[in-house]
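Novice: So that we are looking at the same thing, I have put the structure below in structure tokens.
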Amino acid sequence: MSPPIKYTKDYLSPGFTTIIDVRSPSEYAEDHIPGSINMPVLNDTERSEVGTMYKQVGSFEAKRCGAALVSRNISYHLEKKLNNAPRNFSPLIYCWRGGQRSGAMARILSEIGWRVTVLEGGYKTYRKQVLDGLDRIPPTLRPIILRGRTGLAKTRILRAAAKLGTQVIDLEGLAAHRGSLLGSEPGYIQPSQRKFESRIFDVMRNLDPVQRVVIEAESNNVGACQVPTELWRSMGRSQSIQITAPLAARVEFLLDDYKHLMAEPERLNPLLDWVAARVGKDAVLRWRKAIADGDWTGFVTSALEDHYDPAYDRSAAKHGRKDLCILKTQNLGAIAVAQLAEKIAAIV
């Protein structure tokens with residue numbers, strides 16, 4: 001006799017060996033439970049075809065076609081991804097609302113003898129937990145903002161502090177973006193807003209509210225991703241740690257950190273076009289000449305002095321943050337980054 005299918009509204013309940021998302025690949029790409037694997041019972045094309053048939057032909061024909069496709073796809077997953085699943089395999093399965101797609105997969109896996117649980121309400125239940133958490137958790141946190149001018153290796157310092165056991169929320173890492181106009185990470189695509197929020201929630205729910213958490217100073221947008229409202233408010237009320245370094249050290253760091261732009265200087269055109277109205281045409285002409293001459297040190301130095309530093313200073317004055325301390329460094333090499341991370345870990 002096959003074990004009964006269980007239902008739960010808590011995807012964090014213990015006992016699941018795997019979380020299976022049976023939605024289409026595009027639904028999964030938009031957002032999914034962290035750690036879940038995609039085993040679609042209908043792919044995007046099939047889902048569209050069944051939907052069209054339902055409207056234009058009839059429900060009976062659509063259900064018959066859908067059943068054939070679902071059976072074929074589940075069979076494929078059993079032969080491929082689940083081929084070596086052991087006897088004690090105990091998956092949690094979900095679809096959009098916890099309905100037909102997850103039910104079809106659950107029934108077949110249960111008949112095999114595996115103990116199957118279905119997420120009641122499906123992805124919509126999970127999404128509600130995320131939204132509730134994004135409102136509920138930030139006011140309970142004790143953030144410290146890591147701030148400083150552009151080119152201070154703040155993200156590297158933050159990640160080094162995390163390796164030392166410091167609690168951090170790495171917004172740039174979660175958003176796959178460096179937080180500036182030219183901050184897209186080579187080889188990475190930014191997540192959707194929903195996936196960004198899922199990643200933040202997954203980090204925050206595991207934080208100890210008694211301990212401090214370090215967050216790099218950002219605007220409320222990290223690339224195309226928007227920092228959730230309550231987290232942004234919590235960041236705005238927080239004390240900070242300021243990093244300072246000489247201009248030359250910052251330029252040297254940026255030349256190393258943005259080597260991909262020097263290899264593809266045409267990627268700078270959006271910045272040059274966008275910033276002309278802010279710094280003036282003369283400054284942009286100087287920048288373009290430096291780039292054309294291969295004078296990258298001159299270009300980065302001018303960009304910091306003409307645009308980035310004044311913009312940061314205006315923003316800092318507006319926020320009026322209270323620094324717990326100011327950490328000064330003469331260079332931003334690996335040893336200096338490690339030392340700054342140790343100091344932050346000790347302060348926190």
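The values are calculated or read from the model by the stated rules, or taken from the named source; none is laboratory data. If you're wondering where the values come from, they're calculated on a predicted model, not measured in any experiment. Cβ sites come from the backbone with ideal geometry, for glycine too, and all protein chains shown count toward neighbours.
Novice: Could you list, in sequence order, the residues of region 90-120 that are surrounded by 23 or more Cβ atoms within 10 Å (Cβ to Cβ) and either among the basic types (Lys, Arg) or not assigned by TED's automatic domain parsing to the domain that holds Arg47 (or both)?
Specialist: Passing the criteria: only Arg101.
Novice: Next up: Out of curiosity, is Val168 buried (at least 21 other Cβ atoms within 10 Å of the Cβ), more than 30 Å from Leu332 (Cα to Cα) and not polar (S, T, N, Q)?
Specialist: Numbers: buried (at least 21 other Cβ atoms within 10 Å of the Cβ): yes; more than 30 Å from Leu332 (Cα to Cα): no; not polar (S, T, N, Q): yes.
No.
Residues are listed down the side, and each one gets a yes or a no for (1) closer than 29 Å to Val168 by Cβ; (2) charged (D, E, K, R):
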site	(1), (2)
Tyr258	yes, no
Leu272	no, no
Leu285	no, no
Ala290	no, no
Gly294	no, no
Asp306	no, yes
Asp323	yes, yes
Thr329	yes, no
Gly333	yes, no
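Novice: Can I ask one more? Being small (Gly, Ala, Ser) and in contact (Cβ under 8 Å) with a residue 24 or more places away in the chain is the filter here, so list the residues in region 316-325 that pass it.
Specialist: We begin by selecting, within region 316-325, every residue small (Gly, Ala, Ser); these are 316-317, 320.
If the condition is that a residue be small (Gly, Ala, Ser) and in contact (Cβ under 8 Å) with a residue 24 or more places away in the chain, then Ala316 is the only one that fits.
Novice: A further question follows. Looking at (1) surrounded by 14 or more Cβ atoms within 10 Å (Cβ to Cβ); (2) within 33 Å of the chain's Cα centre (by Cα); (3) in a helix (DSSP H, G or I), can you tell me which one Gly51 breaks?
Specialist: For Gly51, the exception is condition (1).
Yes or no, residue by residue, for (1) in the same structural domain as His177 (by TED's automatic domain parsing); (2) in contact with a Phe, Trp or Tyr (Cβ under 6 Å, 6 or more places away or on another chain); (3) closer than 26 Å to Gly187 by Cβ:
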{"site": "Arg267", "(1), (2), (3)": "yes, no, yes"}
{"site": "Val275", "(1), (2), (3)": "yes, no, yes"}
{"site": "Asp282", "(1), (2), (3)": "yes, no, no"}
{"site": "Gly294", "(1), (2), (3)": "yes, no, yes"}
{"site": "Pro310", "(1), (2), (3)": "yes, no, no"}
{"site": "Leu332", "(1), (2), (3)": "yes, yes, yes"}
{"site": "Gln339", "(1), (2), (3)": "yes, no, no"}
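Novice: Moving on to the next point. Anything in region 1-24 that is surrounded by 15 or more Cβ atoms within 10 Å (Cβ to Cβ) and under 27 Å from the mean Cα position of the chain (by Cα)? List them, or say none. Quick ask: steps written out before the conclusion?
Specialist: Kept after step one, since they are surrounded by 15 or more Cβ atoms within 10 Å (Cβ to Cβ), are these residues of region 1-24: 5-6, 8, 11, 16, 18-24.
If the condition is that a residue be surrounded by 15 or more Cβ atoms within 10 Å (Cβ to Cβ) and under 27 Å from the mean Cα position of the chain (by Cα), then Thr8, Tyr11, Phe16, Thr18, Ile19, Ile20, Asp21, Val22, Arg23, Ser24 are the ones that fit.
Listed here are the residues, each with its yes/no results for (1) in contact with an Asp or Glu (Cβ under 9 Å, 6 or more places away or on another chain); (2) at pLDDT below 95; (3) under 24 Å from Glu305 (Cα atoms).
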position: Arg147; (1), (2), (3): yes, no, yes
position: Ala161; (1), (2), (3): yes, no, no
position: Asp170; (1), (2), (3): yes, no, no
position: Asp208; (1), (2), (3): no, no, no
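Novice: Does at least one position in region 156-164 carry a residue that is among the charged types (D, E, K, R), surrounded by fewer than 21 Cβ atoms within 10 Å (Cβ to Cβ), more than 25 Å from His319 (Cα to Cα) and over 15 Å from the mean Cα position of the chain (by Cα)?
Specialist: Our first condition is that a residue be among the charged types (D, E, K, R); within region 156-164, this holds for 156, 159, 163.
With the extra rule that they be surrounded by fewer than 21 Cβ atoms within 10 Å (Cβ to Cβ), the set shrinks to 156, 159, 163.
Now narrow it down to the ones that are more than 25 Å from His319 (Cα to Cα): 163.
Then keep just the ones that are over 15 Å from the mean Cα position of the chain (by Cα); that gives 163.
Within region 156-164, one or more residues are among the charged types (D, E, K, R), surrounded by fewer than 21 Cβ atoms within 10 Å (Cβ to Cβ), more than 25 Å from His319 (Cα to Cα) and over 15 Å from the mean Cα position of the chain (by Cα).
Novice: So is Leu271 in a strand (DSSP E or B), surrounded by fewer than 19 Cβ atoms within 10 Å (Cβ to Cβ) and not basic (Lys, Arg) or not?
Specialist: Details: in a strand (DSSP E or B): no; surrounded by fewer than 19 Cβ atoms within 10 Å (Cβ to Cβ): yes; not basic (Lys, Arg): yes.
No: the conditions fail for Leu271.
Novice: Name, by its number, the condition in (1) surrounded by fewer than 16 Cβ atoms within 10 Å (Cβ to Cβ); (2) touching a His at 6+ places or on another chain (Cβ under 8 Å) that does not hold for Pro139.
Specialist: The single condition Pro139 does not satisfy is (2).
Yes/no matrix, rows are residues, columns are (1) touching a helix residue (DSSP H, G or I) at 6+ places or on another chain (Cβ under 9 Å); (2) outside the structural domain of Asp31 (by TED's automatic domain parsing); (3) closer than 26 Å to Met262 by Cβ; (4) not in a helix (DSSP H, G or I):
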site	(1), (2), (3), (4)
Ala160	yes, yes, yes, no
Glu172	yes, yes, yes, no
Ile189	no, yes, yes, yes
Arg199	yes, yes, no, no
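Novice: Which of the residues belonging to region 177-211 are closer than 29 Å to Thr244 by Cβ and either crowded, with 20+ Cβ neighbours inside 10 Å or polar (S, T, N, Q) (or both)? Lay out the reasoning, then the answer.
Specialist: Pass one, region 177-211, residues closer than 29 Å to Thr244 by Cβ: 177-186, 200, 203, 207, 211.
The answer is His177, Ser180, Ser184, Ile200, Gln211.
Novice: Quick check on my filter: what residues within region 50-99 are of a type in the set (Asp, Glu) and either in contact with an Asp or Glu (Cβ under 9 Å, 6 or more places away or on another chain) or modelled with pLDDT of 95 or more (or both)? Don't jump to the end; show me each part of the working.
Specialist: Start the filter on region 50-99 by keeping residues that are of a type in the set (Asp, Glu), which leaves 61, 79.
Selection gives Glu79 alone.
Novice: Out of all the residues in region 70-89, which are assigned to a helix (DSSP H, G or I), of a type in the set (A, V, I, L, M) and crowded, with 17+ Cβ neighbours inside 10 Å?
Specialist: Looking only at region 70-89, we keep the residues that are assigned to a helix (DSSP H, G or I), and these are 70-79.
Those still in the list that are of a type in the set (A, V, I, L, M) too: 70, 74, 78.
Those that are assigned to a helix (DSSP H, G or I), of a type in the set (A, V, I, L, M) and crowded, with 17+ Cβ neighbours inside 10 Å: Val70, Ile74.
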